[in-house]
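Asks: Take this structure first; my questions come after.
The values are calculated or read from the model by the stated rules, or taken from the named source; none is laboratory data. In this text, all values refer to a predicted model and were calculated from it rather than measured experimentally. Note: ideal-geometry Cβ built from the backbone for every residue, glycine included; neighbour counts use all protein chains shown. Please note that ligands, DNA and RNA were not included when accessible areas were found on the heavy atoms of the full protein model with its side chains. Shrake-Rupley method; radii C 1.70, N 1.55, O 1.52, S 1.80 Å.
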Amino acid sequence: GLNKELEYKVTQRTSDLLLSNINLENSINELKETQSQLIQSEKMASLGDLVAGISHEINTPVGLGVTGITHLEYITKEITQLYKSENISQEEFEDYLENCKELTSSIHTNLNRAADLIKSFKKVAVDQSSEEKRKFNIKEYLNEVLTSLRFETKNRNCTFEIECDDKITILSYPGAFSQIFTNLVINSLIHGFEELKKGKIELEIQESADRLRLKYSDNGRGMPKEVLEKIFNPFMTTKRGSECMGLGTHIIFNLVHQQLKGTISCESQVGIGTTFIIDMPLKRSEINNA
């Protein structure tokens, strides 16, 4: 009787354990699903920010171009009338030529500016919405991302310094780099430079045989130890009740670990600033053959 009872208990425990394992597995799968949905919605949100920022940026050069063309049209009509009525002086004609030169130069500059913005935006937007792996020059690419962030950064007195060999070309996910860099910059602007008159962001990139190391630093307000310990937790934010959901650093963490197969660490001191160090593998042979 005792053996049967013991056997029954063991069987019951085993089935209970199996059931709880199944429940645990389901919970983990649900969490993973939620996590990927969060990453997806964060991607779409940052794409939305990018669109809003870039359309605001493009308005200026396009507006100046339209103003220039309108003025050029007006002075051309005037000079044509003077010419037709044979009432044109040498001084008026020379003035017209001078104005033409200035206006066409201004229109040209502004249209080029708009075209450059659209080119940067296109590159960054396509990369952010796709998971494509491709070969790219890292310094050039991060400068493109900076261009697309100009709307956010120019309203703050903020300077950037990218220290990176011009020749570093890697085979990786530019979309992940764009997301990571964008989130780091936005974090510095929202949290680090809140009470700062002049913000400075430095990015130092070094390549060794089979690794890439990115060191991102700002001279912002920094974080106390208790915040630093939870920095990569989902929903960690120092701005409760605001629009900040606190997903920025968690998204960065996931992209570094899952997509780039690297590691990320954070150092910070109150009143001095914050530094993020990303270390990731590089396959030189792959890059050379790509």
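Asks: Residue 236 - would you say it is assigned to a loop (DSSP other than H, G, I, E, B) and at pLDDT 75 or above?
Replies: For residue 236, the condition - assigned to a loop (DSSP other than H, G, I, E, B) and at pLDDT 75 or above - is not met.
Asks: Checking the structure you have, find out if any residue of the range 67-86 is modelled with pLDDT under 90 and of a type in the set (A, V, I, L, M).
Replies: no
Asks: Would you kindly identify the helices (runs of 4 or more DSSP H) lying entirely within the range 138-233 that contain at least 1 residues that are in contact with a Lys or Arg (Cβ under 9 Å, 6 or more places away or on another chain), open to solvent by less than 20 Å² (accessible area, probe 1.4 Å) and more than 24 Å from residue 262 (Cα to Cα)? Even if it seems obvious, please write down each step before you answer.
Replies: Details: elements: 138-148, 150-154, 174-187, 225-229.
Ranges flagged: 138-148.
Asks: Now a separate question. For the range 240-286, which positions are of a type in the set (A, V, I, L, M), assigned to a loop (DSSP other than H, G, I, E, B) and either at pLDDT 85 or above or touching a His at 6+ places or on another chain (Cβ under 9 Å) (or both)?
Replies: 260, 270, 272, 282, listed by residue number.
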